[in-house]
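Below is one structure, written out as structure tokens; the observations come after it.
The values are calculated or read from the model by the stated rules, or taken from the named source; none is laboratory data. Everything numeric here is computed off the predicted structure, so don't read it as measured data. Please note: Cβ atoms are built from the backbone with ideal geometry, for glycine as well, and neighbour counts cover all protein chains shown.
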Amino acid sequence: MSSTVVVAMDGPSGSGKSSTARGVASKLGLRFLDTGAQFRAMTQWMLAHGVDPSSPEAIAKHAGEPVIVSGTDPLAPTITVDGSDVSVAIRSAEVTANVSAVAAVPEVRTRILGLQREIIGEGGIVVEGRDIGSVVWPQAAVKVYLTADPEARAVRRTAENGGGSVEATQADLLRRDAIDSGRKAAPLTMPEGAIHIDTTPYTLDEVIDQVVALVLQTEPS
Ligand code: DC
């Protein structure tokens, strides 16, 4: 496998992006970057420092402060803020409830865009998010846009969370979709040149195999 390929994988919450991106990266010996985790880490820092997540001005003022470091091994991705492991804290209900508002602040996006481009660097990476093929790395050799029916997404996300109400999870996914797609700065959108895969009828392994085939077609080993 070419070590310089960049695979951009975008789509809404619960479309299967994270698991697919990790599976593709580990099958092809590539690195992996979960950009949602970076926005979650920024949100976790704001909450931990008493910054009001509903105030874009307050968020913008502090956006340059947290030191966010992402580890890119697809088998053991890590994320630290100011040197502390926040991989569990960033999945809390409080972070999930506030992350879309924080991610909509342009100063946050500019700061995280810099981190993302530094990590992507020479390539050899599968990057998943909302704006990777459209804004972060539009020159990516392979762009994939994953979607799934809202109900399928909610069932998957509820299982990932260890149980709970599928209806409440679905309502939260749709609320975040609306913010992520409607914001001015780098909204969730299908990038130009992306291949759309609706993952609803497929198992995770089937989707991983489809994306691996696409990468190998584009970048034969
Ligand atoms: O993929 P996730 O649910 O962990 O993402 C958390 C939030 O981060 C999501 O609601 C929108 C935001 N996000 C973004 O704005 N741009 C990205 N590239 C990735 C995530």
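Of the residues making up the range 82-106, those that are surrounded by 14 or more Cβ atoms within 10 Å (Cβ to Cβ), in a loop (DSSP other than H, G, I, E, B) and β-branched (V, I, T) are V86, V105.
Here is a yes/no grid of residues against (1) more than 19 Å from N161 (Cβ to Cβ); (2) more than 17 Å from the chain's Cα centre (by Cα):
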| residue | (1), (2) |
| --- | --- |
| M9 | yes, no |
| P12 | no, no |
| G16 | no, no |
| L28 | yes, yes |
| T35 | yes, no |
| A48 | yes, yes |
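Pick from the range 154-166 the residues that are under 18 Å from the mean Cα position of the chain (by Cα) and outside any loop (DSSP other than H, G, I, E, B): which of them is surrounded by the most Cβ atoms within 10 Å (Cβ to Cβ)? Checking each candidate, the answer is A154.
Scanning the range 17-39 for residues that are of a type in the set (A, V, I, L, M, F, W, C), closer than 14 Å to I125 by Cβ and part of a helix (DSSP H, G or I) gives A21, V24, A25, L28. Across the range 113-153, the number of residues qualifying as within 28 Å of T200 (Cα to Cα), charged (D, E, K, R) and either assigned to a loop (DSSP other than H, G, I, E, B) or under 13 Å from the mean Cα position of the chain (by Cα) (or both) comes to 4. The number of residues in the range 26-46 being surrounded by fewer than 19 Cβ atoms within 10 Å (Cβ to Cβ) and farther than 15 Å from G129 by Cβ comes to 3. Just give me the residues in the range 10-27 being in contact with a strand residue (DSSP E or B) (Cβ under 8 Å, 6 or more places away or on another chain) and either at pLDDT 95 or above or of a type outside the set (K, R) (or both), in sequence order. Residues satisfying the conditions are D10, G11, P12, S15, G16, S18, T20, A21, R22, V24, A25, S26. Each residue in the range 93-129 was checked for being hydroxyl-bearing (S, T, Y) and within 12 Å of the ligand (Cβ to nearest atom), and 2 pass. Listed conditions (1) among the polar types (S, T, N, Q); (2) surrounded by fewer than 13 Cβ atoms within 10 Å (Cβ to Cβ); (3) within 16 Å of G16 (Cα to Cα) are all met by Q139, apart from (3).
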